[in-house]
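Novice: Once you've had a glance at the structure underneath, I'll fire off some questions.
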Amino acid sequence: KIGFPTNTSYPHVHSMSALKLIDAYKVCCEVCTRTPGCVHWYYPRFDGTEGCELFFEEDDQVFDKVLNSTAVSVKPERRRRQLGFLADPAHGPPRNGSAGYYLGCGWSFYLSYDYPCLSELDDRVFIDGDNKFIMIEEPSDTLQEKNKQQKKSRRRSRKKKELDSRRSCQFRDEELGVSKGRWVRRPFPNNKVCPSPMETDPSIERFNVIKFQGKYPKCWHRDDISKIGENCIERGCRKWLPVAWKSWLHEEKEWYGTWEQYFCRYKEFTTNELQTCFNNRGIHNIEVKGASVSYFFLEYLKQRLKDITFPNKTLSTKEVIVDTLKLPHEMWHYSEDKFRTAVENMPTTKGTEQRVWISGGYYSSEREEFVHVDRCDIFNRIAFPILKSKGYIMLNAFDMTAAWTYDSCTQMDGLHIVGPPMKMLVVKLFHYLCAPRH
């Protein structure tokens, strides 16, 4: 109902702070439904900030960890006076039916305040053995005996030979259920491997995007994970970040690694090699479409294209169109049938273009009640066969974001995964546009 509650039989009120409620009414209703004893909800908070007010008949709820908590009994007259300046207030009772399953601490921002992670095991996500971090070589800060160094050198040579013997990745290797890979972490490179120091591009204000070095494409995969997610963009972020749970991974200041398939490899291009590809294959433009994730992807793409000159458009050149399908945003606005219809209505690839779509990621937050990882998997599987028939190439973001979900997200929101996975999406894009098909 639009307006504010006038029922005075709810003497106890508790506030819940929130970060960017896209569908606020549904979220407040869902929070009330999942909170034992909640009999009514109201949006926004009485102080006009993002969040919900929850009403209880008995004041036995544990909300002492909520920021700016108003867990006290307040006279209804005072509440109504405070509501006078707010726009589009709404309220209602909890919904009927069972509440969605809550995964645990750190996975739902509006419950993390009250059920914080107490140890690193609390938020551990157990996934199959094909999606994990591995170290192909342990870094060492001490001098080793000569024979041990020789053994390491032989072992590195064998590993390099094994890696080089893998075939070039094909479109099929991106398919859900076919893709088999893992994040391979390597020792952080010294200045002989990467002559220029790792530094961010100051022209990209909202993200700490590492500068690309034209002759050394692999050096782009260096990262300071501890800085990802620090910049606040949305209302409520500055309240949220101080209490956001972070794993050991977010403490990494010298990360270096890539996502690698077990049975195939992605080719990385120097700036000159990429320029040659664009010239030879007549790629005159790359357009990125979608919502917020597309904007983040574009920032990384622009960094990679800084020294590239597109050839002039002619009858024989081609435009590349990359589409994120507005995921995850459409997930809380569309039913599965409506999403399927929207995908079916997307244009078919023409001869003068190459269309690419980026799958939804492995989300670790439920900022809206319908945005969670299982539903994203369903949406990805709806889109894949339809877009494949229309000539689209899929870049599988779902599998390779499983290891990074939450730790490399903007504002630590568990939805907008950037950092190493975003770089690998750029690598995948150029691989499929430019690498030989064999």
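Rule-based calculations on the coordinates, nothing more; no lab input. Owing to the predicted nature of the structure, the values given are computational and were not obtained by experimental measurement. With ideal geometry, Cβ positions are generated from the backbone for all residues, glycine too; neighbour counts draw on all protein chains shown.
Novice: How compact and how long is the range 359-438, expressed as Rg and Dmax of its alpha-carbon atoms in Å?
Specialist: According to the Cα coordinates of the range 359-438, Rg and Dmax are 13.8, 44 Å.
Novice: So, one more: Kindly state, to the nearest 0.05, the FRET efficiency for Glu230 paired with Gln170, given R0 = 30 Å and r defined as their beta-carbon distance.
Specialist: Numbers: r = 38 Å, r/R0 = 1.27.
Here the calculated transfer efficiency is 0.20.
Novice: For a Förster distance of 30 Å, can you work out the FRET efficiency between the beta-carbons of Thr341 and Asn96, rounded to the nearest 0.05? Provide the component values of the computation, followed by the final result.
Specialist: Working: r = 28 Å, r/R0 = 0.94.
According to the calculation, E is roughly 0.60.
Novice: Where in the range 388-438 are there trypsin sites (Lys or Arg not before Pro) that are in a DSSP coil and have at most 11 other Cβ atoms within 10 angstrom of their Cβ? Show your work: numbers first, answer last.
Specialist: On the way: sites: Lys388, Lys390, Lys423, Lys428, Arg437; in loops: Lys390, Arg437.
Here the sparse-neighbourhood loop sites are Arg437.
Novice: Separate question: Can you give the net charge of the other residues whose Cβ lies under 11 Å from the Cβ of Tyr362, counting K and R as +1 and D and E as -1? Intermediate values should be presented prior to the final figure.
Specialist: On the way: positive: none; negative: Asp374, Asp377, Asp399.
With Lys, Arg at +1 and Asp, Glu at -1, the net is -3.
Novice: Multiply the residue separation of Lys302 and Glu199 by 0.36 nm, subtract the distance between their alpha-carbon atoms, and state the gained length in nm to one decimal. Before the final figure, lay out the partial values.
Specialist: Numbers: separation 103, 0.36 × 103 = 37.08 nm, distance 1.61 nm.
Roughly 35.5 nm would be gained on extension.
Novice: Please give the residues of the range 397-438, grouped as numeric ranges, whose backbone N is less than 11 Å from a label point set 7 Å along the Cα-to-Cβ vector of Asn280.
Specialist: Output list for this probe position: 434-437.
Novice: Contour minus end-to-end for His333 and Trp248, with contour as 0.36 nm per residue of separation and end-to-end as the Cα-Cα distance? Can you show the working numbers first?
Specialist: Values: separation 85, 0.36 × 85 = 30.60 nm, distance 3.42 nm.
Going from the current span to full extension adds 27.2 nm.
Novice: Using r as the Cβ-Cβ distance of Lys388 and Glu57, and R0 as 51 Å, what FRET efficiency do you calculate, to the nearest 0.05? All intermediate terms of the calculation are to be shown ahead of the outcome.
Specialist: Working: r = 54 Å, r/R0 = 1.06.
Rounded to the nearest 0.05, the efficiency is 0.40.
Novice: Determine the alpha carbon to alpha carbon distance for each of Lys350/Lys390; Lys227/Lys326; Lys192/Lys215; Lys218/Lys428; Lys218/Lys267 and list only those over 18 Å.
Specialist: Flagged as over cut-off: Lys227/Lys326.
Novice: Under the 0.36 nm per residue contour assumption, what length would be gained going from the current alpha-carbon distance of Lys218 and Tyr262 to full extension?
Specialist: On the way: separation 44, 0.36 × 44 = 15.84 nm, distance 1.85 nm.
Full extension of this stretch gives 14.0 nm more.
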